[in-house]
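Notes for the one structure printed next.
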Amino acid sequence: MDETGWKEKGRRAWLWTVVTTWVSVFVIRFSRGSKGIRELLGEDVPGVVGSDRYSAYSFLPLSHRQVCWAHLRRDFQKRIDRGGESGEIGEILLALTDQMFAWWHRVRDGTRQRRSFQTYMVDHKARMPLYLWWGTKCAQEKTANTCQEILGVESALWTFVYRQGVEPTNNAAERALRHGVLWRKSSFGTHSEAGSRFAERVMTAVTTLRQQKRDVLAYLTLAGQAATRGQPAPSLLPTKKQHASLF
C-alpha cells in the first residue's frame with residue numbers, strides 16, 4: 001500500500017493504492033491520514049500490509065505489517081552521508097540490509113530454500129536491534145530519532161521471512177502509482193469529483209487487467225456494452241482458474 005500527492009479542483013489530495021496478487025485498487029481522497037487507510041482496508045485486516053513507516057499505519061497490529069526495507073535502505077544511506085558516528089552506524093545497518101537482500105533474491109529466484117534463509121536471518125534479527133539501539137544514543141539527533149522510530153516497529157521488519165507471499169518492500173505499490181504520477185503531471189490532477197472517480201476507476205481497471213494478463217480494450221468494450229444495456233459491468237476479479245493457480 002502507498003500514496004502520492006494529487007490535485008482535485010486545485011485542492012491538495014492524495015491518490016492511494018492497494019496492490020494484491022491479482023487486483024489493484026486506486027482511490028483519490030482529501031485525507032492522507034488513517035481514515036483513508038481504514039476506508040480501503042477496513043477495520044479488521046486479515047492479511048499483511050506492506051508499507052512505509054508513515055504514522056497513519058500505526059493502528060494496524062505489527063503482526064499484520066511488513067515495513068518496507070527499500071525505505072529503510074535509503075534511510076541508512078542518509079545516516080552514512082552525515083558522516084561521523086552516524087556514518088559508522090549507517091554503514092553497518094546498510095551492510096546487514098544488503099546481505100539480507102542478497103539472500104532474499106536467491107530465495108525468490110529458487111536458488112536457496114526458504115528454510116535456509118530463515119536460519120541465516122536469525123543472526124540478522126539479533127544484530128539489527130543492537131545497532132539500532134546504538135543509533136538511538138548517537139549525538140546526531142536525526143539519526144537517533146530515526147533509529148528510535150525503526151525500533152518501535154522492529155517486529156514488523158521480519159514478517160516476510162516467515163509469511164509466504166509477503167515481500168520485504170512495497171515496490172509493487174510504488175510502481176503502480178507511477179502511472180498516476182504521470183497523469184497528475186500531464187493533466188494537473190482532476191478538475192471535479194466526477195473526474196476523480198473516472199481517474200481512480202480507470203487506473204483500477206487497467207492495472208488489474210494487466211496484472212491478470214487480460215485484454216484491456218476487450219474488457220472496456222464489454223463494460224461499455226453492459227452500461228448501454230443496463231447490465232452489470234464484467235467482473236475485475238480473477239477467474240477461478242487464475243485463483244487456483246496460486247495453490
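The values are calculated or read from the model by the stated rules, or taken from the named source; none is laboratory data. Just so it is clear, the model here is predicted, and its values are computed rather than measured. With ideal geometry, Cβ positions are generated from the backbone for all residues, glycine too; neighbour counts draw on all protein chains shown. Heavy atoms of the whole protein, side chains included, go into the accessibility calculation; ligands, DNA and RNA do not. Shrake-Rupley method; radii C 1.70, N 1.55, O 1.52, S 1.80 Å.
Looking at 53, 112, 73 in this structure, which one is open to solvent by 40 Å² or more (accessible area, probe 1.4 Å) and in contact with an Asp or Glu (Cβ under 7 Å, 6 or more places away or on another chain)? Break it down into steps so the answer makes sense when it comes.
Numbers: 112 fails: in contact with an Asp or Glu (Cβ under 7 Å, 6 or more places away or on another chain); 73 fails: in contact with an Asp or Glu (Cβ under 7 Å, 6 or more places away or on another chain).
None of the other options fit; the residue is 53.
Take residue 51 and decide whether it is closer than 28 Å to residue 148 by Cβ and in contact with a Cys (Cβ under 8 Å, 6 or more places away or on another chain).
Numbers: closer than 28 Å to residue 148 by Cβ: yes; in contact with a Cys (Cβ under 8 Å, 6 or more places away or on another chain): yes.
Judged against the criteria, residue 51 is a match.
Out of the residues in region 212-247 that are open to solvent by less than 40 Å² (accessible area, probe 1.4 Å) and of a type in the set (S, T, N, Q), which is modelled with the highest pLDDT?
Step by step, filter region 212-247, then rank; the result is 212.
Touching a strand residue (DSSP E or B) at 6+ places or on another chain (Cβ under 8 Å) and surrounded by fewer than 15 Cβ atoms within 10 Å (Cβ to Cβ): which single residue out of 43, 39 fits that description?
Every option except 39 fails the conditions.
Scan region 115-162 for residues that are open to solvent by 70 Å² or more (accessible area, probe 1.4 Å), aliphatic (A, V, I, L, M) and assigned to a helix (DSSP H, G or I) and jot them down.
Hits for region 115-162 are 122, 130.
Taking residue 179 and the conditions (1) open to solvent by 40 Å² or more (accessible area, probe 1.4 Å); (2) more than 19 Å from residue 69 (Cα to Cα); (3) over 21 Å from the mean Cα position of the chain (by Cα); (4) modelled with pLDDT under 95, which numbered condition does it fall short on, given that it satisfies the others?
(3)
How many of the residues in region 213-239 are among the polar types (S, T, N, Q) and in a loop (DSSP other than H, G, I, E, B)?
So in region 213-239, the residues among the polar types (S, T, N, Q) come out as 221, 225, 228, 231, 235, 239.
Checking which are in a loop (DSSP other than H, G, I, E, B) leaves us with 231, 235, 239.
Total meeting the criteria: 3.
With the structure loaded, tell me whether residue 186 is in a helix (DSSP H, G or I), of a type in the set (S, T, N, Q), in contact (Cβ under 8 Å) with a residue 60 or more places away in the chain and open to solvent by 50 Å² or more (accessible area, probe 1.4 Å) or whether it fails that test.
Values: in a helix (DSSP H, G or I): yes; of a type in the set (S, T, N, Q): yes; in contact (Cβ under 8 Å) with a residue 60 or more places away in the chain: no; open to solvent by 50 Å² or more (accessible area, probe 1.4 Å): yes.
Judged against the criteria, residue 186 is not a match.
Quickly run through region 47-90 and pick out the residues that are among the acidic types (Asp, Glu), touching a residue at least 12 places away in the same chain (Cβ under 8 Å) and farther than 15 Å from residue 174 by Cβ. It would help to see each step written out before you state the result.
Here is the first cut: in region 47-90, the ones among the acidic types (Asp, Glu) are 52, 75, 81, 85, 88.
Restricting the remaining residues to those that are touching a residue at least 12 places away in the same chain (Cβ under 8 Å) gives 52, 75, 85.
Across region 47-90, the qualifying residues are 75, 85.
Restricting attention to helices (runs of 4 or more DSSP H) lying wholly within region 1-108, give those where 1 or more residues are more than 30 Å from residue 143 (Cβ to Cβ) and either under 17 Å from the mean Cα position of the chain (by Cα) or of a type outside the set (D, E, K, R) (or both). It would help to see each step written out before you state the result.
Working: elements: 34-41, 69-82, 84-108.
Filter on region 1-108 gives 34-41, 84-108.
Do you know which residues across region 21-46 are in contact with a Gly (Cβ under 8 Å, 6 or more places away or on another chain) and either of a type in the set (S, T, N, Q) or closer than 25 Å to residue 63 by Cβ (or both)? If you could, list the steps in order and put the result at the bottom.
Looking only at region 21-46, we keep the residues that are in contact with a Gly (Cβ under 8 Å, 6 or more places away or on another chain), and these are 21, 26-27, 29.
Correct list: 21 only.
Would you pick out the residues in region 3-20 that are under 16 Å from residue 45 (Cα atoms) and open to solvent by 10 Å² or more (accessible area, probe 1.4 Å)?
Within region 3-20, the first condition is being under 16 Å from residue 45 (Cα atoms), and the residues that meet it are 17-20.
Hits for region 3-20 are 18, 19, 20.
Is at least one residue of region 202-212 more than 19 Å from residue 21 (Cβ to Cβ) and in a loop (DSSP other than H, G, I, E, B)? I'd like the intermediate steps shown before the answer.
Within region 202-212, the first condition is being more than 19 Å from residue 21 (Cβ to Cβ), and the residues that meet it are 202.
With the extra rule that they be in a loop (DSSP other than H, G, I, E, B), the set shrinks to none.
Taking every residue of region 202-212 in turn, none turns out to be more than 19 Å from residue 21 (Cβ to Cβ) and in a loop (DSSP other than H, G, I, E, B).
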